[in-house]
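For reference, the structure discussed in these notes is given below.
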Amino acid sequence: MGYQATIKKQAVWAIFDIKGNASVVAKRVADIGLSLPSSANTAYAKNGQHLCWIGEDHWLLLAPVEMEFQLLERLDPQNSSLDCRIVHVSDAYTLFTVTGNHADDILAIASPLNTRQQNFPIDGATYTEFFGIRGLVLRWPDGYLTAVERSYADMITAYFDKITTGSR
Amino acid sequence: MTHNPFRQKAGGRIDRNSCVEFEFNGKRYSGYKGDTLASALLANGVFLNARSFKYHRPRGIMGAGVEEPSCLVELLGADAGGNYAATTVQLRPGLKAKSVNCWPSPSFDLMSINQLFARLLPAGFYYKTFMWPNWHLFEPSIRRAAGLAAAPDDQIPYQHFETRYWHGDVLVVGAGSSGLLAALIASRSGARVMIVDDHPLPGGCLRSSQTKIDERPAIEWAEAVCAELDANPEVTRLQDATAWGYREDNLLMVTERSPAETHVFQRGWKARAGRVILATGAIERNLVFANNDLPGVMLASAVQTYYHEFGVIPGRHAMIFTNNSSAYSLAHDLQAGGTMIAGIVDSRPSNAIGAEKDGLDIPLYAANQLQAAHGGKHLRAVTIRAADGSTKRVDCDLLAVSGGWNPAVHLFSQARGTLAYDDALASFVPDKAMQRLACVGAAAGKMNLVSAIADTLSTVTACLSEDNFKPSAFSLPSFTALPDYHLQPLWHVDGMKPGDKAFVDIQNDVTLDDIGLAMREGFDTVEHVKRYTTAGMGIDQGKTGNVNVIGNIAKASNKKPDEIGTTTFRSPFTPVDFGSIAGQRNGATVLPFRHTPITQWNKDRGAVMYEAGARWQRPGYFPINGGNMQDAINAEAEAVRYGVGVYDGSPLGKFDISGRDAAAFIDLLYTNDFADLEIGMGRYGIMLSDDGMILDDGVTFKLAENHYLMSTSTGFADVVFRHMEYLLQIECESWQVWITPVTSQWCNATICGPKARDVLEALGVSIDIGNDAFPFMAMREAIVAGTPARICRVSFTGEVSFEINVWPRHAKAMWRRIMEIGAPFGILPVGSETSHVLRVEKGFLSLGHEVDETADPYDLGMDWIMSRTKTHAIGRRSVDIRRSSGKPRRELVGLMPKTGGELVAEGAPITPNGDRVASEGFVSACVWSVVNKQIIALGLLTDGRARIGETIIIRDRERVIDAVVTKPCFYDPKGERLRG
Amino acid sequence: MLTLPCPFCGQRDETEFLNAGPTKPARPSSDVTDSEWINWLTVPENPVGYVEEKWWHAKGCGKFFTIKRHTVTHQIMMPEEDSA
């Protein structure tokens, strides 16, 4: 008997790293129809976009790749407005979905994050340790969405293979 | 067919229909499913199965669980691993085991010659004897002789280990009566619960007790509790799993040996709970008499376990020696089972012996002591000593000993809890807890089952209420009463003769005499005795011996045991496979690794891959048919110098830095001025740490006002990020600067060489790339081969270079296109070996070579990078202070070694006259130069710049090599080529 | 293994953090003497008892924050709490 979990490496998503004062950031994301999440380490989700509050003055916007050029235009990351900073980082991450009955077990192997509901709510989104490196974890239907720095993606894939099959 | 001469006809909880074959010390035996290796060996009559640690005395199995001090085995084949107690190894088909501490076998052990010299091997012997000329000369052979199991070699079949976390409310250690009850109460109150037990099956001492619970056998109650726990999804119940370490903040380290997931061999749990309940029970201790280590001498509770659990009685003719009431239940069992009992020797006076003796029809030697056991390789007889000193010899082949019970306080003590001495128990019990935990049952010193259960209920209920749970009313099951526990301490027997070996710590071979010797030599505190004699160390961690050691120190110094105190119990509680700590971090993932989109292309091309810092895998060089490594490097280097080459520069650290104070921040970081940098241009900079040593170097481009793209060396990107964030968050809190790591948002293919511009033109580029429109150190946005790109003109090779940065999703296509378009120009991919050659020819710095955290920019001849006007840059003050001392410094120089063709090892020292004296410098890099057609090197040499032209001497192991000192640049010193 | 109270993320496992050393006094101005500078640079407090120190939530939100940690017992408290 092994783990009942489906792990899928995702194709590129549109991702933007946003830093700055909350009120300024709120105005910028209002342009694309989003609001800031109300509490730390949660995500505001709308139309397939997930705005994650991941640090004191720090947000990460995840969106379907089809929206990338529209978002590049609307968020205008090249424009170094002095009030906040939006950096286009779509390619800097690789995303995986971990779903199924044993998704919690897979996450408990990968990460020290306490994912009990009282600690990591239904809209939870946070940076944590993931197979020894830094990784983003979001709750996802029937499991989790995780993102790691792209250069580690092959290593993370090797870890997933190993823990689900016991392969060397 | 199973031939088990010491197995009872019936009884035990083994599966008599499933015969299991196994091998021990090369011989084949059989047992039953449900046996441990120990119970199967005893059933087969294999009583001599170990040799002791130091003296190689014959030893047998003494215990039945984790307390086993003598029979340690090494498993071979698929289970390979060492230092398992035979009592904790589950018998499985094909199991192969051997004793750890004897050669060639326990019955013919060559090292047992140590016994003849036992008088010469007292405590502290090694410390005193092997002092001259130094201990390390003797250590290897001593370790071999007095060793534990050897580590398995790397040829063993792969076993998949896993580690995982668990977060919950209540973690119960021990699934005996108290532990099961605690878990039940906690789970019914809605808590998330884990219960961990080191036996394959739950129940603890209930498994070998005649107690009835609610008028049914106790074990049925335990099974019913487990069924309820298993039905609750919030409960994790682990059997055959040991909680072996108690860390800060209620983190318990647990190793699970039989996970349900079949692909997992062992699982390590890092389990953290709001509350820990320690129901770890108690461990029986030995009594100290002559030859108390002889095969056939066993703990009374162990004999009872073998009888109830496995239907094994490891003897025909038993004797019991006790100082307390608990061993009598064994006498009842043996009597009921029909085993001949020669008698019970009880050191307590007859008026202290209570109801426990009722119904026994065997000789009772009250107020007697068992002075000595006799036999060669197995027990044959004992000497009983009466209160008046008279002795009597009685034949027997099994001696069951009980010296009383020690609460298993190991985890409590690891959690920094303090212990108190309990006179009635003559043992240490938990006192003040230092973490959120509670001890219940025998672990708390509650030895009476009925009152222990009541105490568990109230303790656990109080804990749950304190933790904001609402425990529901709980009615206790009814237990049949057992005789009260009563003990009189007996630290050692009287009447022993000089030379008698009476062990206080069986596993570490520490005798009563050793304790006395240590104390006579002044090592009279418990911590000193431990270190001098090794008592309580190693695998045992004081399970069976510790309290006897303390009792005997107390007795010898006329103090009470609580004045002596205990030593610290260390983790692991029992031996643990390293695999269950490392978990999935093995095999392919033993070290982290990072790839670029081009990594696979490199591997497909046959590149020899290196780790290039910060875990990036990069091509070292690309082997060519019929050539060696140097041929390959030469071909790549010549391509760059005379044609064109391309390398994957993606791993270089990259940071997007912006905000109102970004320019000021860049100025604070770098020693040189950036204020006059124009938009679209880059500048090389050096940053220092606060102590004035070089932290990193790299090129920073100005993208817009207060917006920069900083590049760092590959290996130090994380260090630089931490340095910058520290400054911003702690020292420059009011500054507005945002830093975003973008290392992996950009991939770059760096085309370099005299034909680089031609290749870029041929690729198709949307901007003018002539030297006037696009000068050295400029950055431009452009469309290259139909793809948006950032092109940077920097050079780490000394040739014209175009760094073509694209989004990684386009990188593979761009790379293939470059190789295709570049083919007519003779383009070659370049590995890090060649990059190294090219930068040494130019005298460019490399962190980890010339820059080793002792060098400052002046040492490297870079006075120009230390701004004259800017004194506030990080590290500047420290450099100035250090240099003001005027002491000679090691300075960067070039070296022309006269080696006759062989390279000089990096790090080779330069010494005055080549003598074996303190060095005056070292070689930091040495390569074959394709442009100079000779070996060249860089090095750091004391006052080097003043010594150009001088011949110095390098020592490379046994070689002594002359080298001429030169300027640290061997090619295009004016830099005309890279600006061209 | 400790858990540490990140001001943004709450209680997290020690492996997510890097220790960033004891809290230092403010960086001296450029007119201090050499020995004052060296003292600031190289002489940290190392008490038996509570030390005020910085931690970096490197694998989490990236925040540097301050706690007091007992060098013997590893008890942790916030810097404003009384450690007497």
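The values are calculated or read from the model by the stated rules, or taken from the named source; none is laboratory data. Quick caveat: nothing in here was measured; it's all calculated off a predicted structure. Please note: Cβ atoms are built from the backbone with ideal geometry, for glycine as well, and neighbour counts cover all protein chains shown.
Table for the structure above
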{"quantity": "Meets criteria (touching an Asp or Glu at 6+ places or on another chain (Cβ under 8 Å) and within 14 Å of chain C (Cβ to nearest Cβ)) for residue A:45", "calculated": "no"}
{"quantity": "Residue list for segment B:781-794, filter: crowded, with 18+ Cβ neighbours inside 10 Å and touching an Asp or Glu at 6+ places or on another chain (Cβ under 9 Å)", "calculated": "B:789, B:790, B:791, B:792, B:793, B:794"}
{"quantity": "Strands (runs of 3 or more DSSP E) completely within segment B:187-288 that count 1 or more residues being under 20 Å from residue B:447 (Cα atoms)", "calculated": "B:266-278, B:282-284"}
{"quantity": "Hits in segment C:54-70 - residues which are more than 13 Å from every other protein chain (Cβ to nearest Cβ) and part of a loop (DSSP other than H, G, I, E, B)", "calculated": "none"}
{"quantity": "Filter result (among the small types (Gly, Ala, Ser) and either without any contact (Cβ under 8 Å) to a residue 24 or more places away in the chain or not assigned by TED's automatic domain parsing to the domain that holds residue B:181 (or both)) within segment B:214-258", "calculated": "B:224, B:227, B:231"}
{"quantity": "Counted residues, segment C:41-84 - those being charged (D, E, K, R) and under 30 Å from residue A:18 (Cα atoms)", "calculated": "4"}
{"quantity": "For residue B:332: the one exception among (1) under 20 Å from residue B:13 (Cα atoms); (2) part of a loop (DSSP other than H, G, I, E, B); (3) of a type outside the set (Val, Ile, Thr)", "calculated": "(2)"}
{"quantity": "Lone qualifier among C:46, C:19 - being within 14 Å of the chain's Cα centre (by Cα), more than 14 Å from chain A (Cβ to nearest Cβ) and over 30 Å from residue A:130 (Cα atoms)", "calculated": "C:46"}
{"quantity": "Matching entry among B:534, B:511 (being in contact with a strand residue (DSSP E or B) (Cβ under 9 Å, 6 or more places away or on another chain), under 21 Å from residue B:427 (Cα atoms), away from chain A (no Cβ under 14 Å) and at pLDDT below 90)", "calculated": "B:534"}
{"quantity": "Flag for residue B:439 being of a type in the set (A, V, I, L, M, F, W, C) and assigned by TED's automatic domain parsing to the domain that holds residue B:312", "calculated": "no"}
{"quantity": "Any hit, segment B:702-717, residues being in the same structural domain as residue B:664 (by TED's automatic domain parsing), basic (Lys, Arg) and surrounded by fewer than 20 Cβ atoms within 10 Å (Cβ to Cβ)", "calculated": "no"}
{"quantity": "Positions within segment B:949-980 being aliphatic (A, V, I, L, M) and surrounded by fewer than 18 Cβ atoms within 10 Å (Cβ to Cβ), in sequence order", "calculated": "B:953, B:960, B:964"}
{"quantity": "Filtered residue count, segment B:610-645, keeping only those that are buried (at least 17 other Cβ atoms within 10 Å of the Cβ), aliphatic (A, V, I, L, M) and at pLDDT 95 or above", "calculated": "7"}
{"quantity": "Entirely in segment A:1-101, the strands (runs of 3 or more DSSP E) that have 1 or more residues that are under 15 Å from the mean Cα position of the chain (by Cα) and closer than 30 Å to residue A:162 by Cβ", "calculated": "A:6-9, A:14-20, A:43-46, A:49-55, A:58-63, A:93-99"}
{"quantity": "Top-ranked residue in segment B:953-971 [being in a loop (DSSP other than H, G, I, E, B) and more than 44 Å from the chain's Cα centre (by Cα); ranked as nearest to residue B:753 (Cα to Cα)]", "calculated": "B:971"}
{"quantity": "Options B:803, B:781; residue that is in contact with a Pro (Cβ under 8 Å, 6 or more places away or on another chain), among the acidic types (Asp, Glu) and not in a helix (DSSP H, G or I)", "calculated": "B:781"}
{"quantity": "Filter result for the condition that a residue is under 31 Å from the mean Cα position of the chain (by Cα), buried (at least 23 other Cβ atoms within 10 Å of the Cβ) and either farther than 20 Å from residue B:305 by Cβ or of a type in the set (D, E, K, R) (or both), over B:52, B:70", "calculated": "B:52"}
{"quantity": "Residue match in segment A:33-42 (condition: away from chain C (no Cβ under 14 Å) and in contact (Cβ under 8 Å) with a residue 40 or more places away in the chain)", "calculated": "no"}
{"quantity": "Check on residue B:767, free of Cβ contacts under 8 Å to residues at least 60 places away in the same chain, part of a loop (DSSP other than H, G, I, E, B) and away from chain A (no Cβ under 14 Å)", "calculated": "yes"}
{"quantity": "In segment A:6-34, the residues that are in contact with a strand residue (DSSP E or B) (Cβ under 6 Å, 6 or more places away or on another chain), under 15 Å from residue A:74 (Cβ atoms) and among the small types (Gly, Ala, Ser)", "calculated": "A:14"}
{"quantity": "Residue within segment B:699-717 that is within 13 Å of another protein chain (Cβ to nearest Cβ), touching a residue at least 60 places away in the same chain (Cβ under 8 Å) and closer than 30 Å to residue C:23 by Cβ present", "calculated": "yes"}
{"quantity": "Members of segment C:42-60 found to be among the aliphatic types (A, V, I, L, M), farther than 15 Å from residue C:3 by Cα and buried (at least 18 other Cβ atoms within 10 Å of the Cβ), listed by number", "calculated": "C:51"}
{"quantity": "Selection from segment B:489-505 of residues that are within 11 Å of residue B:383 (Cβ to Cβ) and either at pLDDT 95 or above or aliphatic (A, V, I, L, M) (or both)", "calculated": "B:493, B:496"}
{"quantity": "Residue satisfying all of: in segment B:237-264; touching a strand residue (DSSP E or B) at 6+ places or on another chain (Cβ under 6 Å) and within 11 Å of chain A (Cβ to nearest Cβ); surrounded by the fewest Cβ atoms within 10 Å (Cβ to Cβ) among these", "calculated": "B:259"}
{"quantity": "Yes/no for residue B:512 being touching a residue at least 60 places away in the same chain (Cβ under 8 Å), hydrophobic (A, V, I, L, M, F, W, C) and over 25 Å from residue B:404 (Cα atoms)", "calculated": "no"}
{"quantity": "Given (1) under 30 Å from residue B:265 (Cα atoms); (2) touching a strand residue (DSSP E or B) at 6+ places or on another chain (Cβ under 9 Å), number of the condition residue B:652 does not satisfy", "calculated": "(1)"}
{"quantity": "In segment A:89-118, the residues that are more than 7 Å from every other protein chain (Cβ to nearest Cβ), over 19 Å from residue B:583 (Cβ atoms) and not hydrophobic (A, V, I, L, M, F, W, C)", "calculated": "A:90, A:93, A:94, A:97, A:99, A:100, A:101, A:117, A:118"}
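Residue-by-condition table, conditions (1) modelled with pLDDT of 95 or more; (2) within 24 Å of residue B:296 (Cβ to Cβ):
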position	(1), (2)
B:340	no, yes
B:344	yes, yes
B:347	yes, yes
B:354	no, no
B:361	no, yes
B:365	yes, yes
B:376	no, yes
